[in-house]
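The values are calculated or read from the model by the stated rules, or taken from the named source; none is laboratory data. Predicted model, so just to flag it, every value in this text is computed and none were measured. Reconstructed Cβ throughout: ideal geometry from the backbone, glycine too, with neighbour counts over all protein chains shown.
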Amino acid sequence: MNRISVRIYAIVINENKELLLSDEFVYATEVTKFPGGGLEFGESPRETLVREFKEEMDSNCEVLDHFYTTEVFQNGFVGTSVQLVAVYFTAKFVGTPRVPIHRARFAVPFKQGGNSFWWCPIEKLTPDLFRVESDKIVVKKIRETFGFS
């Protein structure tokens with residue numbers, strides 16, 4: 001059976017022009033992605049981000065503006081029977097983040113289902129850090145927006 005997965009992601013940029021990214025271990029694969037997750041039935045995309053920040057980072061966020069929505073068909077990470085629709089919003093922390101945010105990719109070892117967060121300088125941000133096509137498109141848009149194209 002074919003399914004559609006709607007994923008909602010945050011673009012959080014700090015005062016040092018660094019982008020918040022999430023490293024996860026999914027299906028025995030290290031994956032770098034934007035913070036966020038799956039839309040649950042009955043919630044809005046903005047509510048999804050608020051919930052995901054609380055679940056993954058024990059932190060609060062303010063969802064700001066819509067940034068990008070997937071414009072072409074894209075297979076989900078888990079296989080070809082899942083169509084991925086990704087929606088990206090700019091956001092910011094409300095208060096101090098309650099989880100460690102590192103300065104390097106995969107700075108902390110973790111197991112299946114675990115994740116860690118890190119700040120990536122926008123000037124070092126490249127599409128090849130990501131596996132999902134819409135993430136790569138968003139990276140290009142972020143670099144253009146901040147003058148690093």
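Computed quantities for the displayed model
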{"quantity": "Filtered residue count, the range 95-147, keeping only those that are acidic (D, E) and under 22 Å from N16 (Cβ atoms)", "calculated": "3"}
{"quantity": "Identity of the residue in the range 1-46, part of a strand (DSSP E or B) and of a type in the set (D, E, K, R), that ends up farthest from P127 (Cα to Cα)", "calculated": "R3"}
{"quantity": "Residue count, the range 117-144 (criterion: in contact with a strand residue (DSSP E or B) (Cβ under 9 Å, 6 or more places away or on another chain) and farther than 25 Å from T29 by Cα)", "calculated": "2"}
{"quantity": "Matching residues, the range 104-124, being within 23 Å of G76 (Cβ to Cβ) and modelled with pLDDT of 90 or more", "calculated": "R105, S116, F117"}
{"quantity": "Given (1) in contact with a helix residue (DSSP H, G or I) (Cβ under 7 Å, 6 or more places away or on another chain); (2) over 29 Å from E144 (Cβ atoms); (3) in contact (Cβ under 8 Å) with a residue 60 or more places away in the chain, number of the condition R98 does not satisfy", "calculated": "(3)"}
{"quantity": "Any pair with Cβ under 8 angstrom, 6 or more apart, that starts in the range 49-67 at a residue that is at pLDDT 95 or above and ends at one that is among the acidic types (D, E) and surrounded by fewer than 17 Cβ atoms within 10 Å (Cβ to Cβ)", "calculated": "R51/E40; R51/E43"}
{"quantity": "Selection from the range 80-134 of residues that are under 16 Å from the mean Cα position of the chain (by Cα) and either part of a helix (DSSP H, G or I) or polar (S, T, N, Q) (or both)", "calculated": "T90, N115, S116, I122, T126, P127, D128, L129, E133, S134"}
{"quantity": "Checklist (1) in contact with a Phe, Trp or Tyr (Cβ under 6 Å, 6 or more places away or on another chain); (2) on the phi < 0 side of the Ramachandran plot applied to G36, failing item", "calculated": "(2)"}
